Each structure stands twice: as C-alpha cells, then as structure tokens.
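What follows is a single structure, written as structure tokens, with notes after it.
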Amino acid sequence: LQRRLHLPKTESLGLLLVLVALVLVPLTYSGLNDIRAEGGERRELYHLADGLRQTSDDLTRMVRLYAATGDPVYRDYFEEILDIRNGIAPRPEQYYEIPYWDITLATGERPVAPGAPASIQSLMQQAGLRAREQTQSNLLAKLVEEVMDVIAANTSDEGPVFEGESLDALQRLHGQEYHDAKALVMQPLVELVTGSGLDALIVEGSAHNFLQQRVDILLVLTVVAAVALVLAVDRQNPRESILPSLALLLVLASIFLGRQSLASNDATSLNTARRQSEIFLADGLRQTSDDLTRMARLYAVTGKARYREHFDEVLAIRNGEAPRPSLYFEVPYWDFVLATNHRLGEPGDSVAIKTLLERAGVGSASLSLLGEAEDQSNALAVLENEVMDIVSASAGNGYRLEGDALEGMLRLHGAEYHEAKARIMQPLVELARQLEQDLAQEEQAGRDEFNNLMNLLAGSLLLSALVLVASLYRGRHPEAQD
C-alpha cells in the first residue's frame, strides 16, 4: 500500500506509531478508572467491615450500661442499634464516621439526620462470613438477652439491686464468658477488615503498575515516532520539512506530557496514602478513648487488677511510652487480649499518636483540635482515676459493689461521664471531618490535573497525526504545494 501511494517510509512509520499511541490513550484512561473503581469498592468494604466491629462494640456498651444502671433507655438504644444494623431502621448519615452514640448518650439527641435503611448483612454474605458471624452473634445475643431479662426483673424505681442473680448477671457481662463470646464474633470481622485493607493496597499498586506499563508503551511508541520524524526532516529540503518538523515537536510534547501524567498520578497516590494514614490515626485516637472507657468500667464492676493494668497500657501506647503493636488499630486488639491474654502482632515503635500526626504534616488547625481532645481526655482521666482509686481501696478484702465502690462504678456509667466523653469526641469528629475534606479536595485536584494532562497528551498526538497526514498528502500531491 505504501509503495502504491508513494508515501515516504519514515513519515508513514511515524504516523502509524502516533495513531497506535493515540488509540492507547483512551484505553489507558478507561482501564485506570476501572482499577480505581475497584480500589474504591475495596476501601468501602474495609470501612463497612470496620462498621460491623463498631456496631458490636456499641451493642456491648449499651447492654453493660443497662445492666449497671437499669435505665430502660439503654435497652432501647440496644434495640435501635440492632435495627440499624439489620436494615430495619434508617442508618443515620455519617453513622460510622462520627461517634454517634457518644453524642447521643451525652445529649439525648441524635447528632445527624436519618438516612435510608441499609442492612450490612449483605456485606457479610458477599464476603463469605455471614454464616460464621451470625452463629457467633446468636450465641452472644442469647447471653445478652438472658442478662437483660434478669436485670429488668430485678430493677426498681431506684435502679438495680446488685445482689443475687442481678449481680451474677452484671458479672457475666463483664467476665470471661462474655470476653470469649465477643472474641468469637470479632474473629471473622478481623479477617474481613485485614483482608479488604490488604486488597485495597494491592489494587492501589495495580493501578500504579498498570499506568506505568501503559506510559512506558506510549513513550516507546512516541520516541520511535520521533526518531522516524527526525530522519524524515533530515532528508527533506527546508520547505518540505516544515510539517514533519511540526509533527516532531508535537510528538516530543507528547513524550513530556506522558511523563508528567505518570508523575502526577504517583504524586496523587502518595498524597492520598498520607492523608488516609492521618485519618486512620485520628480514628485511632477515638478507638483509644473507647478502650480506656472499657477498661475503667471493667475494673469498677469487677475490681480485678488486670483491667487497671490494661488501662495503663492503653494510655502508655497512646502517649508513646510503650510500643504500639502492629495491627493495633486494624483489629479489635483488646477484645482478643481480654479473651486470650494474648497480644496480636509484633511490638512496634514507641511513638505517640500526636507525634505521628505531626510527622505526617497535619495543619495547625488540626493539631489544635487534637490538643483540645487531649485536654478533655486528661480531664476525664482525673474522674477515671478517682473511681479506680476507690475500687483499688475496696478490693483488698474481697471486692463488693456497695458503698463508695458502687457509687464510683455508677459515676462511670452516668451523665457526668457521658458528657465528659462527648467533650473528647467533639474535637475528634471535627478533626476527622477536616482530614476527610482535605483528602477529598486533594484527590479531586490530583485527578483533575491527571485528566488534563491525559487530554493534552491525546490532543498533542491527534494534532501530530493530522500534521503527518497533511505532510504525506502534500508529498503525494506536489501540485498542492503551489
């Protein structure tokens, strides 16, 4: 065909390579978007899986509050959480993104508007964990229902009387039987959380590798096309070489734009990973606060020294005075410690969460919110230590929930504590909101830049192809030059 049309070989080769590169651009863009969509699905799976864990913790908290106080509002909250989980009641907006029940406990008001009912059972079904989790949840639910029925039967207007079967029921919720059952519920969720988190990282790596390979192919095509055009320009007279020279410049611009597209995508990926790490650490602060609350209450109810030791350990890890285990925030670490006394993961570095956030480069406004949360946490620690000191003094001759010990335990389950806890959570909610907003804005800016570069690349290749077609046409029809 080339001989029949009398087309210059080098320009024909350049045109062919440019056309192949041009076709590759939308294919690259489409393939990358598909991989990104898969990564988004994996991240969503991770967040929903973590939401399952959070729901289990909320259920535990409400049944223990009910057992400790006899207040029926906590049983109502327990039922509401179950209904939200099962898609019977609307799931509030940002239900998993904010400490929804901490705010509700402190104010009696729902902090956000209701959304649409959305069962998360289907998520577990898709992950192949529905049957396992349901079996373990049913066993735990049976224990919980038994306890709540006993508390309801033994609660007067003055509250529950902690003796006989009501005391036994309270202790069951705070004892080894419950810890073991809770750990069994959490085990399949751990697999889902860690698996989906790992999958998200794998997909992110796949996106980088896919783009790297496609850009490398584009670069090879455009470099060879550029060499062909250099040869074409070299063997033509100045008048004939104008169009091939222009095509060469456009191909060189395409090479530059291809490299810039890859660099832009890499920069966005790194920035996204950094921001997600910041969000993860901020959520870790909230989780740490919940762990401290749990240990203080367990100690106040049972008088067992190991819970105060766990309280001190949680605090030391948060403050960077003890090594933070690997997967500390990824898995329900303390659920497994309570059940087995075994620490998951290897010990890591002893670095305070605040220091990690500072190293990550969070802004001054975010650090200010973090400082506010720490101040409120320190204030709550005063209350917690007051109660734990009372418990410690009462535990010497056999611990009984009466007198000062009972009063202290009720303080940790009352309005004073709920309000203090909400004051910790409020700046953490704002911190998470800021970090999420920064991530969304920076991700969008990065993708806009990448899309613009890809559009410029496609435009540059298209123009170079048109210029080459014009050059080849003129070479075939010399009379068109006149």
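The values are calculated or read from the model by the stated rules, or taken from the named source; none is laboratory data. Note that the structure is a prediction, hence the values are computed from the model and not measured. Counting neighbours? That spans all protein chains shown, and the Cβs are built from the backbone with ideal geometry, glycine included.
A few comments on the model shown:
- Complete set of residues in the stretch 382-418 that are modelled with pLDDT under 90, part of a loop (DSSP other than H, G, I, E, B) and not polar (S, T, N, Q): Ala395, Gly396, Gly398, Tyr399, Arg400, Leu401, Glu402
- Selection of the stretch 348-367 for residues being surrounded by 13 or more Cβ atoms within 10 Å (Cβ to Cβ) and over 22 Å from the mean Cα position of the chain (by Cα) yields only Ser350.
- Selected residue (criterion: surrounded by the most Cβ atoms within 10 Å (Cβ to Cβ)) from residues of the stretch 323-338 that are of a type outside the set (Phe, Trp, Tyr) and part of a loop (DSSP other than H, G, I, E, B): Pro332
- Among the residues making up the stretch 82-115, those that are within 18 Å of Glu145 (Cβ to Cβ) and surrounded by fewer than 20 Cβ atoms within 10 Å (Cβ to Cβ) are Leu82, Asp83, Asn86, Ile88.
- One residue stands out in the stretch 378-399 among those that are without any contact (Cβ under 8 Å) to a residue 12 or more places away in the chain and over 23 Å from Arg423 (Cβ atoms): the one that is surrounded by the most Cβ atoms within 10 Å (Cβ to Cβ), namely Ala393.
- Residues in the stretch 136-183 that are within 39 Å of the chain's Cα centre (by Cα) and not in a helix (DSSP H, G or I): His174, Gly175.
- Residue check, Ala360 among the aliphatic types (A, V, I, L, M), within 18 Å of Leu281 (Cα to Cα), in contact with an Asp or Glu (Cβ under 7 Å, 6 or more places away or on another chain) and touching a residue at least 40 places away in the same chain (Cβ under 8 Å): yes
- Only one entry in Ile88, Ile81, Ile103 is assigned to a loop (DSSP other than H, G, I, E, B) and not polar (S, T, N, Q), namely Ile88.
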